[in-house]
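K.L.:
There's a structure below that I have some questions on.
Every number here is computed from the coordinates shown, using simple stated rules; none is lab data. For clarity, every value in this text was computed on a predicted model and none was experimentally measured. Using ideal geometry, Cβ is built from the backbone for each residue, glycine included, and neighbour counts are taken over all protein chains shown.
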Amino acid sequence: MKIKIISFLISLTSLSVFSQEVGPVELSAIDSIAKKYIKEYAIVGLSIGIVKNKESNTLHYGHTGIKKEYPVSDSTMFHLASISKLFTATAIMQLIENGQLSIDEKVVDIIPEFKMRDERAKKITIRHLLTHTSGLMWDNTLKNSPNDTTSTQLFIQKLNKRKLNFYPGEKLSYKTYSNTAFDLLGIIIEQKSGKKFDEYVSENILTPLQMKRSTYYFKDIDSSYLALPIVFSGSSKKVNRINLTGLDYNDLALVTNNELNRKTHNVYGEDYEHNPSGNLISSASELNIWMQSMMESYSNAQYNGILKKSSLSEMWTIQKNIPDKKTSIGLGWWVHQDDSLGRSVFHVGNNPGFCSMLMIFPEQSFGITILCNASYAQKAVWNKMTIEIAQLFVNK
């Protein structure tokens, strides 16, 4: 289905009850920033989460799909794409805390069947996987995945036929980014815990934090609460002149071979073996809980959270720099040093039909997450909107 856009973009704005940490001036400014970019980028649905000094707030705009049946609300769930990697990294650090893993342990010592047509693969460690310095390729996609636990063995078998792009630990750039590395981390979590990856994350991260609705499976979510992927249709590069194509809820199971998946990923249906790198579904309100827990662990060594302060500090410490860039890599988290805003740690998400940003300023006790059901709006979500809102709270 194709429709002309513009008229429906901001037909509804939903605001949570804000605490005294966010006054009317800040609230009005956030609203103005959001609406500006919603109009400029033709955004259909958007959720913003704000955490400041332990107080949690959310704002919501638009609808879950182009039919405008359901307004975006605190209950709306978005595909997080690569923000999912933060939960995988957290699970790994929990196993390290428990003495079940070592950060510099070699993958071949954990997964004996992991082999490649490349002797250098024997040098890959947990640290390399977490920092995108393993030399592994961007993706390792199965043509006919069984989409269950048996797919992990097929995933490893396919790697047996491939070579590394470079020697482990040798380099870091945006081009060395590897979903394959995080999918391997998921297999390691299963090996060490004896549980399915999603079960481990649910039992040890989501449930303890009361993130009760977050899941790796879209079928767990009522259709009225599920943000649907929106993509371009046609060749125009001007957002305000294009048509949009959206999926109905019942179409989601059929995304494997449609227009959304010309490259590598399926949306709401990406196969089981890719859960660790990008399949988590959550909401701005539940990601606020996540950010609150992270910031409390970082600032309070006595806090009984899902990670120790020492683990989180290590994750937020630069492990390797990207030459000539202000962005570096920690353990699973990217680290950025801004001249005016100071240090932030973050991760972005991007899949056909979705983009997302989660950013924390540890020294400022401030966190922001933005979820959107349109990947074409990533410049607004990743950079413009996020930074402009952060400027309202950081160093104030």
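K.L.:
Which of ASP271, ASP324, ASP183 comes first, and how do the rest follow, when ranked by fewest Cβ neighbours within 10 Å?
P.N.:
With the sparsest Cβ surroundings first, the list reads ASP324, ASP271, ASP183.
K.L.:
How big is the gap, in Å, between the Cα center of segment 134-158 and the Cα center of segment 295-319?
P.N.:
The distance from the Cα centre of segment 134-158 to that of segment 295-319 comes to 32 Å.
K.L.:
For LYS106, go through the aspartates and glutamates and keep the ones whose alpha-carbon is under 18 Å away, minus same-chain ones fewer than eight residues off.
P.N.:
Here the aspartates and glutamates satisfying the reach criterion relative to LYS106 are GLU97, ASP118, GLU119, GLU170, ASP183, GLU190.
K.L.:
Please work out the FRET efficiency for the pair SER28 and ASP338, using the Cβ-Cβ distance as r and a Förster radius of 35 Å; give the result to the nearest 0.05.
P.N.:
Once rounded, the FRET efficiency stands at 0.90.
K.L.:
Among GLY349, MET315, GLN94, whose Cα sits farthest toward the positive end of the charge dipole of the chain (+1 at Cβ of Lys/Arg, -1 at Cβ of Asp/Glu, about the Cα centre)?
P.N.:
GLY349
K.L.:
If you don't mind, another one. In whole Hz, what ³J(HN,Hα) sequence does segment 303-315 give by Karplus (6.51, -1.76, 1.60; θ = phi - 60°), x for Gly and Pro?
P.N.:
Residue by residue, segment 303-315 yields 5, 8, x, 7, 9, 6, 4, 4, 5, 5, 4, 5, 5 Hz.
K.L.:
Quick one: among VAL381, VAL108, VAL72, which has the greatest mean-square fluctuation in a GNM of the chain with alpha-carbon springs under 10 angstrom?
P.N.:
Result for the chain, Cα springs under 10 Å: VAL108 fluctuates most.
K.L.:
OK, next. Taking +1 at the Cβ of each Lys and Arg and -1 at the Cβ of each Asp and Glu, which of SER202, TRP382, PRO276 sits farthest along the dipole of the chain towards its positive end, judged by Cα position relative to the Cα centre?
P.N.:
TRP382
K.L.:
Moving on. When all C-alpha to C-alpha distances in segment 84-206 are sorted into bins of 10 Å, what percent of pairs does each bin hold, rounded to whole numbers?
P.N.:
So the P(r) values, bin by bin, are 13, 48, 34, 5.
K.L.:
OK, next. Under the rule a/c < 1.5 gives rounded, and otherwise a/b versus b/c splits prolate from oblate, where does segment 26-144 land using the Cα gyration tensor? Intermediate results must be reported in sequence, preceding the final value.
P.N.:
Numbers: a/c = 3.12, a/b = 2.09, b/c = 1.49.
Prolate shape, in that a/c is at least 1.5 and a/b is the bigger ratio.
K.L.:
Still on this model: Pop out the ³J(HN,Hα) list for segment 355-366 in order, Karplus 6.51 cos²θ - 1.76 cosθ + 1.60 with θ = phi - 60°, rounded to Hz; leave Gly and Pro as x.
P.N.:
9, 7, 9, 10, 9, 10, 9, x, 6, 9, 6, 9
K.L.:
For segment 272-392, what does the alpha-carbon gyration tensor say about shape, rounded, prolate or oblate, given a ≥ b ≥ c as the root eigenvalues, a/c under 1.5 as rounded, and a/b over b/c as prolate?
P.N.:
Cα axes put segment 272-392 in the rounded bin.
K.L.:
I would also like to ask the following. Given the options SER285, SER151, SER56, state which has the largest fluctuation in a GNM of the chain using a 10 Å cut-off (strictly under) for Cα springs.
P.N.:
Result: SER151 has the largest fluctuation of those listed.
K.L.:
Further, regarding this structure: Taking a cut-off of 14 Å between Cα atoms, list the aspartates and glutamates near LYS325, but don't count ones fewer than 8 places away on the same chain.
P.N.:
List returned: ASP338, ASP339.
K.L.:
Something else: Normalising by the residue count of the chain, find the relative contact order in percent from Cα pairs under 8 Å and 6+ residues apart. Don't jump to the answer; show the numbers that get you there.
P.N.:
Values: 822 pairs, mean separation 94.0, N = 396.
Here the relative contact order equals 24 percent.
K.L.:
Here's a follow-up. Based on Cα coordinates alone, diagonalise the gyration tensor for the chain, multiply each eigenvalue by 5, take square roots, and list the semi-axes in whole Å, largest first.
P.N.:
After scaling each eigenvalue by five and taking roots: 32, 26, 19 Å.
K.L.:
For the chain, modelled as a GNM with alpha-carbon contacts under 10 angstrom, which of TYR268, TYR216, TYR225 fluctuates the most?
P.N.:
TYR225
K.L.:
Calculate one ³J(HN,Hα) per residue across segment 337-348 by plugging θ = phi - 60° into the Karplus curve 6.51 cos²θ - 1.76 cosθ + 1.60, and present them in order as whole Hz with x for glycine and proline.
P.N.:
Rounded to whole hertz, the list is 10, 9, 4, 9, 8, x, 7, 9, 10, 7, 8, 9.
K.L.:
Using Cα-Cα distances under 8 Å and only pairs 6 or more residues apart, what relative contact order does segment 116-173 have, in percent?
P.N.:
It rounds to 58 percent for segment 116-173.
K.L.:
Arrange the following residues from fewest to most other Cβ atoms within 10 Å of their Cβ: ASP31, ASP220.
P.N.:
ASP220, ASP31
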